[in-house]
Amino acid sequence: SERFEHARAHGDHLHGIQAWVALPDGMEEIDPSFSHHSGDDLPQWQDGGVAGQLIAGSAYGLSAGAKTCSPLFYAHLDMQAGSTAEIPGGYKERALYIATGAVEMDGMRHESGRMLVLGAAASRVKALEHATVMVLGGEPVGERHLYWNFVSSSKDRLAQAAEDWKAGRMKLPDADDKEFTPLPDAPPPPVRA
């Protein structure tokens with residue numbers, strides 16, 4: 001569930017990052033699933049002022065326990081000021097998201113709230129102050145289109161998903177079913193022939 005009304009009503013604070021992974025061709029319509037991982041399923045390491053945790057995939061010589069459908073990596077780096085970290089190689093697409101703090105890459109300063117799409121030459125990031133950095137990457141899965149919360153290789157499928165959502169035909173998590181309100185202002189995406 002993405003419902004946090006109870007926590008907000010009681011003064012709790014939550015800082016999170018939601019990451020979506022597009023499924024490869026032939027797997028886009030698999031049944032949804034949920035799994036919880038902790039402990040050894042999320043390998044941790046420390047190196048020169050960097051505390052890392054691998055969330056999914058394989059990187060830094062480690063593999064996380066979450067099932068993935070294509071080669072990828074996703075890791076959380078807690079970086080002390082002045083520390084540097086390698087960005088995993090061996091993947092065609094890579095990026096980093098600066099959740100907090102500021103970092104330097106290729107001689108340029110980048111502040112929190114920025115996602116940097118990396119080329120093949122990028123290999124290290126330096127924390128200019130205490131920083132939380134998410135590093136991610138993987139192999140291309142083919143062209144994908146995005147509309148609101150929907151991702152697909154087919155624009156027709158996106159239009160159908162938008163209509164299904166608007167009509168209340170999508171199964172939500174059990175705790176969310178009673179709170180479901182279709183979004184009346186969510187028009188279907190444009191479909192080009």
Could you work out [θ]222 nm for the chain from helices alone, using -39500 (n - 2.57) per DSSP H run of at least four and dividing by all its residues? Round to the nearest 500 deg cm²/dmol.
-2500 deg cm²/dmol
Calculate, for the chain, the solvent-accessible area per residue in square angstrom, rolling a 1.4 angstrom probe over the heavy atoms of the protein chains.
64 Å²
Top of Asp25, Asp164, Asp12 by mean-square fluctuation, Gaussian network on the chain, Cα under 10 Å
Asp12
If I model the stretch 74-165 as equal point scatterers sitting on the Cα atoms and use the Debye formula, what is log10 I(q)/I(0) at q = 0.13, 0.16, 0.17 Å⁻¹?
-0.54, -0.70, -0.74
For the stretch 90-115 and the stretch 133-155, compute the distance between their C-alpha centroids and round to whole Å.
19 Å
For the stretch 1-84, whose charge dipole is built from +1 on Lys and Arg Cβ atoms and -1 on Asp and Glu Cβ atoms, the candidate among Ser33, Ala22, Gly52 with its Cα farthest towards the positive end is Gly52
For the chain, modelled as a GNM with alpha-carbon contacts under 10 angstrom, which of Ser33, Ser154, Ser63 fluctuates the most?
Ser33
Treating only Lys and Arg (+1) and Asp and Glu (-1) as charged, each at its beta carbon, one finds that the stretch 17-105 has a dipole about its Cα centre, in Debye to the nearest 20, of 140 debye
For the stretch 20-118, which GluC sites (Glu not before Pro) pass both filters: DSSP loop (anything but H, G, I, E, B) and at most 13 other C-beta atoms within 10 Å?
Glu29
Please get the size of the charge dipole for the chain, origin at its Cα centre, with Cβ charges of +1 on Lys and Arg and -1 on Asp and Glu, quoted in debye to the nearest 20.
400 debye
Tell me, what is a quarter of the convex hull surface for the C-alpha atoms of the stretch 36-81, in nm² with one decimal?
3.4 nm²
Let's test this: bin the Cα-Cα distances of the stretch 1-158 at 10 Å from zero up to the farthest pair and state each bin's percent.
9, 33, 35, 19, 3
Looking at the chain as a GNM with Cα springs under 10 Å, which of Phe34, Phe73, Phe150 has the largest mean-square fluctuation?
Phe34
Taking a 31 Å limit on the Cα-Cα distance, which of the listed pairs Lys92/Lys155; Lys92/Lys166; Lys92/Lys171 fall beyond it?
Lys92/Lys166; Lys92/Lys171
What do you get for the angle between helix 155-166 and the principal long axis of the chain? Use alpha-carbon atoms, 0 to 90 degrees, nearest ten.
70 degrees
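Please report, as a whole percent, how much of the solvent-accessible surface of the chain comes from carbon and sulfur atoms (probe radius 1.4 Å).
Details: 6390 of 12370 Å².
Answer for the chain is 52 percent, counting heavy atoms of protein chains only.
The values are calculated or read from the model by the stated rules, or taken from the named source; none is laboratory data. As the structure is a computational prediction, the values presented were derived from the model and not from experiment. FYI the Cβ positions are ideal-geometry reconstructions off the backbone, even for glycines, and counts take in every protein chain you see. Ligands, DNA and RNA are excluded from the accessible area calculation, which covers all protein heavy atoms including side chains. Shrake-Rupley method; radii C 1.70, N 1.55, O 1.52, S 1.80 Å.
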